[in-house]
Structures are given as C-alpha cells and as structure tokens.
Amino acid sequence: GPGGVDHRDGASAALAAATAAVIERARLDAAVMGAGEPDVHVSERRQYLPGRTDDDGLLLVVVTAEAVGRPLVTG
C-alpha cells in the first residue's frame, strides 16, 4: 500500500488487511469524486504454488475494489 510494506502473520490475516485497505481506498476515492455512500464490490485473483490450493501455498493475491455511488446533491 501507499504506507509501505505491512507484515502480517499468515495469509488469512494478510488477505483480510489487504481487503479492508482496498475497500477503504475505493470509498475514499468515490467520495472525492462526489459519490455519497457508494456500493463497493470486491474481487480477488489468487495464484498458488504448484500442487497447492490452500492458503499455505498462496503465492499471490490481487484484490480489487470498485466503488459506485450516486453524486451527492446539495441545495
């Protein structure tokens, strides 16, 4: 992230922290663009070490968050 490397104990903790960070960033970016209370959709793409399919063999996860919201109308 923008703050540098964030070490976590285990893949599950790292993935949870990454997911929370991208959700927050998507919400902040949407707010800067004028959206009020955006809906956030999160997706992830995982790559594992050969022959592994569990978090112990997790090599890479790309977490993406998209935020969509209606513009705030002030009057």
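Quick check on my filter: what residues within the range 46-75 are touching a helix residue (DSSP H, G or I) at 6+ places or on another chain (Cβ under 8 Å), part of a strand (DSSP E or B) and either surrounded by 15 or more Cβ atoms within 10 Å (Cβ to Cβ) or not β-branched (Val, Ile, Thr) (or both)? Before the answer, list the steps.
If we filter the range 46-75 for residues that are touching a helix residue (DSSP H, G or I) at 6+ places or on another chain (Cβ under 8 Å), which is where we start, we get 48-49, 51, 55-56, 58, 61, 63-69.
Now narrow it down to the ones that are part of a strand (DSSP E or B): 48, 58, 61, 63-68.
Of everything in the range 46-75, those that are touching a helix residue (DSSP H, G or I) at 6+ places or on another chain (Cβ under 8 Å), part of a strand (DSSP E or B) and either surrounded by 15 or more Cβ atoms within 10 Å (Cβ to Cβ) or not β-branched (Val, Ile, Thr) (or both) turn out to be Tyr48, Leu58, Val61, Val63, Ala65, Glu66, Ala67.
If I filter the range 5-45 down to residues being part of a helix (DSSP H, G or I) and among the basic types (Lys, Arg), which single residue comes out as nearest to Thr74 (Cα to Cα)?
Taking the range 5-45 first, the residues part of a helix (DSSP H, G or I) are 11-32.
Then drop every residue that is not among the basic types (Lys, Arg), which leaves 25, 27.
Working: Arg25: 24, Arg27: 19 Å.
Checking each candidate, the answer is Arg27.
Going through the range 1-15 one residue at a time, which ones are small (Gly, Ala, Ser) and open to solvent by 60 Å² or more (accessible area, probe 1.4 Å)?
Within the range 1-15, the first condition is being small (Gly, Ala, Ser), and the residues that meet it are 1, 3-4, 10-14.
Correct list: Gly1, Gly3, Ser12.
Could you give every pair whose Cβ atoms fall below 9 Å, whose first residue belongs to the range 1-16 and is basic (Lys, Arg), and whose second residue is not in a loop (DSSP other than H, G, I, E, B), counting only separations of at least 6 or pairs across chains?
These pairs meet every condition: Arg8/Ala14; Arg8/Leu15; Arg8/Ala16; Arg8/Ala17; Arg8/Ala18.
Considering only residues that are open to solvent by 100 Å² or more (accessible area, probe 1.4 Å) and without any contact (Cβ under 8 Å) to a residue 40 or more places away in the chain, which ones fall in the range 25-38? Let's see the steps before the verdict.
To start, the set of residues in the range 25-38 that are open to solvent by 100 Å² or more (accessible area, probe 1.4 Å) comprises 25, 27, 32-33, 37.
Across the range 25-38, the qualifying residues are Val32, Met33, Glu37.
Search the range 39-67 for residues that are touching a residue at least 40 places away in the same chain (Cβ under 8 Å) and pair each with any residue that is in a loop (DSSP other than H, G, I, E, B) and open to solvent by 80 Å² or more (accessible area, probe 1.4 Å) when their beta-carbon atoms are under 8 Å apart and the residues are at least 6 apart or on different chains.
Filtered contacts from the range 39-67: Leu58/Arg52.
The values are calculated or read from the model by the stated rules, or taken from the named source; none is laboratory data. Computed from a predicted model, the values in this text were never measured in an experiment. Quick reminder, even Gly has a Cβ in these numbers, built from the backbone with ideal geometry, and neighbours come from all protein chains shown. In case anyone asks, the SASA skips ligands and DNA or RNA and just uses the protein heavy atoms, side chains included. Shrake-Rupley method; radii C 1.70, N 1.55, O 1.52, S 1.80 Å.
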